[in-house]
Amino acid sequence: MSVKVVVGKNILDANEKNADDLRKVFHESGVRVVNMLGSPGSGKTSILQKVIPGLSPLRVAVIEGDIATTRDAERLSSLGIQVVQITTLGACHLDASMVSRAVSEIDLSTVDLLFIENVGNLVCPASFDLGEDLRILVLSVAEGSDKPLKYPAAFLTSQAVIINKKDLIPYTDFSLESAVAEIRSMKSSLEIFEVSCRTGEGIERLCGWIEDWAKGKVEVSK
Amino acid sequence: MHELGLVMNVIHMITQDASSRGFRRVKSVELEVGEFSGALPHALKEAFRIAAEGTLLDGATLVIDEVRAELCCKDCGRTFFPGKQGWNCPYCGAGGADLVRGMELQVKSYVGEAEECQSK
């Protein structure tokens, strides 16, 4: 005899539960958490290298997600902060259980702000809640200004977008105007930062905003 | 890209439920997959076929209801599909519409086969 069972559950239910547990741990420890995502080579690590020294009153730690190598963690540990590397060995995104294991290696009582740098990928990380309070997407000029509409989930689930490598605009067909218009047409509340890690343009404003947000002075809409 | 992982979640979820109900096998599974969910229906089906082997779901049919992305204009309230005009409302031109459908990744239902009652 066949019986139909109505389930009505999210396929990512298990991850959502793990993310909620993490969120609770972060809140109880008073740690604000940022999930940074973007394509490989968009400049996520470079932005952290530039931004973290500018957040000096805050105690910062980083969880680095990469498919292979500990290169990014090595780049960041020279900043004298706690860095934990997650090597996913092929997985295209971080999930909440991987972050839980990495968090157990961090003394959260000595941290105010935790950055989780996701695996370079503009698709998969968007679906996985890591218990973060803020999601920042990094889009670089070399990727093209047509990307927002092509990768809607990543933009829709973020609260801020950093357009990096602004110094390259004169050498490309990138239209800052149309990129910003596309982003705004999808989600008008997204905070947009135009940055160049190479020249340092825009870094100060970005640092100021992250610091204000971490201190609860700026609200973001989900 | 991570369809195998998604399918493993589905198999785990349904195996637990089906076992608790005493089903001897699962005949079909129905998923709802949104256009912007990041999961590809054909990749889900292929991954499901392989990952279900040796489980209660071995040989089960995977039915996928594909949900097209749909937007609702914040200004005029009309719904529309994202198209050449991007996400701007084709009726009033406003931007910043809300995505009302298209991110779904749901297990809707499954059909289990119960043990036949033995006649004495």
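The values are calculated or read from the model by the stated rules, or taken from the named source; none is laboratory data. These numbers were taken from a predicted model, which means no experiment stands behind them. Backbone-built Cβ (ideal geometry, glycine too); neighbour counts: all protein chains shown. Quick note on the areas: whole protein, heavy atoms, side chains included, nothing else; ligands and nucleic acids left out. Shrake-Rupley method; radii C 1.70, N 1.55, O 1.52, S 1.80 Å.
Here are a few things to note about the model shown:
- Dipole magnitude for the protein assembly as shown: about 320 debye, using +1 per Lys or Arg Cβ and -1 per Asp or Glu Cβ, origin at the Cα centre.
- Among the GluC sites (Glu not before Pro) found in the range A:87-163, those both in a DSSP coil and sparsely packed, with 13 or fewer other Cβ atoms within 10 Å of their Cβ, are A:105.
- Partners of residue B:45 within straight-line reach, counting lysines whose Cα lies under 21 Å from its Cα and excluding those fewer than 8 residues away in the same chain: A:4, A:9, B:27, B:108.
- Considering only alpha-carbon pairs that sit under 8 angstrom and 6 or more positions apart, the relative contact order computed for the range A:13-211 is 26 percent.
- Taken along the Cα-to-beta-carbon direction at a fixed 7 Å, the label points for residue B:113 and residue A:77 span 5.6 nm.
- Options A:18, A:43, A:136, ranked by Cα towards positive dipole end of the range A:13-211, top entry (Cβ charges): A:43
- Summing charges over neighbours of residue A:87, with a neighbour being any other residue whose Cβ is under 13 Å away from its Cβ, gives -3 when K and R count +1 and D and E count -1.
- Note on the protein assembly as shown: helix-only mean residue ellipticity at 222 nm, from DSSP H runs of 4+ residues weighted -39500 (n - 2.57) and normalised by residue number, equals -8500 deg cm²/dmol.
- Within a straight-line Cα-Cα reach of under 20 Å, residue A:24 can be paired with the following lysines, leaving aside sequence neighbours fewer than 8 residues apart in one chain: A:215, A:222.
- Local net charge near residue B:66, Cβ-Cβ under 10 Å (Lys/Arg +1, Asp/Glu -1): -3
- GNM on chain A, alpha-carbon springs under 10 angstrom: the most fluctuating residue among A:150, A:50, A:165 is A:150.
- Between the alpha-carbon centres of the range A:19-59 and the range A:188-222 there is a gap of 12 Å.
- Euclidean distance between Cα centres, the range A:134-182 to the range B:29-54, Å: 30 Å
- Max mean-square fluctuation residue, GNM over chain A, Cα-Cα springs under 10 Å, options A:173, A:133, A:112: A:173
- Protein-only accessible surface order, largest first, of A:221, B:20 at 1.4 Å: B:20, A:221
- Neighbourhood charge, 10 Å Cβ-Cβ cut-off, centred on residue A:44 and excluding it, Lys, Arg +1 and Asp, Glu -1: -3
- Three-way shape label, chain A, alpha-carbon gyration tensor, a/c 1.5: oblate
- Fluctuation leader among A:63, A:86, A:169 - chain A, Gaussian network, Cα springs under 10 angstrom: A:169
- Candidates per GluC sites (Glu not before Pro) in the range B:1-80, loop by DSSP, up to 16 other Cβ within 10 Å: B:53
- A probe of 1.4 angstrom, applied to the heavy atoms of all protein chains, finds residue A:207 with accessible area near 10 square angstrom.
- Cβ-placed point charges (K, R +1; D, E -1), dipole of the range A:1-56 about Cα centre in debye, nearest 20: 140 debye
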